[in-house]
Amino acid sequence: MRPTRTQGRRRKRQYAGAVADREALFAEYEGAIVSARDPQIDDDEQAWSDPALFSVLRQSRCAVVTAWNPGFLRPSQAVNDRRNAQLHARLVLTGYEVWAAVGSSADATFSEPGFLVWDISLDDAVLIARSFDQFAIYWYSETGERTVIAC
């Protein structure tokens with residue numbers, strides 16, 4: 001059955017709203033503060049730093065991925081924790097070196113845990129994040145340049 005004009009207009013508005021929401025979400029991603037924890041540093045306060053610094057020091061690329069809050073969904077903490085545990089297990093079983101990471105809003109009112117993954121290809125990082133319904137990942141080059149990559 002063909003949609004009526006009203007249904008067609010409603011779908012266009014919903015799509016336009018989703019695009020605008022997605023653009024707003026990506027603006028949040030761009031402004032986020034990301035930190036990762038070097039597990040070899042005992043002092044917890046000094047162990048957390050910007051992944052760009054670690055990338056430069058190691059001259060290695062990495063990605064920061066999470067399974068929390070897929071897309072526009074906001075599951076419970078228990079569901080988010082379970083999904084992140086599944087992501088962590090998958091990354092470790094695949095053989096990647098994985099560090100704890102956290103992404104926070106610029107105003108520090110929101111944060112969510114994730115993982116810094118060393119020497120993963122961009123394609124693999126996007127594929128894994130996409131399998132957990134994520135919109136984006138953070139990608140760090142060997143020179144420490146950070147890019148938000150859509151999934």
Within the range 77-130, restricting to residues that are of a type in the set (Phe, Trp, Tyr) and part of a loop (DSSP other than H, G, I, E, B), the one that is nearest to the chain's Cα centre (by Cα) is PHE110
Taking first residues from the range 111-124 that are over 17 Å from VAL148 (Cβ atoms) and second residues anywhere that are among the aliphatic types (A, V, I, L, M) and surrounded by 15 or more Cβ atoms within 10 Å (Cβ to Cβ), the pairs with Cβ under 6 Å that are 6 or more apart or on different chains are PRO113/VAL102
Could you tell me whether the range 72-88 includes any residue that is at pLDDT below 90 and either among the polar types (S, T, N, Q) or outside the structural domain of ASP107 (by TED's automatic domain parsing) (or both)? no
Residue count, the range 137-151, condition assigned to a strand (DSSP E or B) and surrounded by fewer than 19 Cβ atoms within 10 Å (Cβ to Cβ), comes to 5
For ASP44, the lone unmet condition from (1) closer than 22 Å to SER104 by Cα; (2) modelled with pLDDT under 85; (3) outside the structural domain of SER104 (by TED's automatic domain parsing) is (3)
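Tell me yes or no: at least one residue of the range 117-129 is aromatic (Phe, Trp, Tyr), exposed (fewer than 15 other Cβ atoms within 10 Å of the Cβ) and in contact with a Ser or Thr (Cβ under 8 Å, 6 or more places away or on another chain). Spell out the reasoning first.
Going residue by residue through the range 117-129, those that are aromatic (Phe, Trp, Tyr) are 118.
Next cut, exposed (fewer than 15 other Cβ atoms within 10 Å of the Cβ) only: none.
No, the range 117-129 contains no residue that is aromatic (Phe, Trp, Tyr), exposed (fewer than 15 other Cβ atoms within 10 Å of the Cβ) and in contact with a Ser or Thr (Cβ under 8 Å, 6 or more places away or on another chain).
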Taking the range 16-59 and keeping residues part of a loop (DSSP other than H, G, I, E, B) and either touching a helix residue (DSSP H, G or I) at 6+ places or on another chain (Cβ under 6 Å) or surrounded by 15 or more Cβ atoms within 10 Å (Cβ to Cβ) (or both) leaves ALA32, ASP38, ILE41, ASP50
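The values are calculated or read from the model by the stated rules, or taken from the named source; none is laboratory data. Quick caveat: nothing in here was measured; it's all calculated off a predicted structure. Glycine gets a Cβ as well: all are built from the backbone with ideal geometry, and neighbour counts include every protein chain shown.
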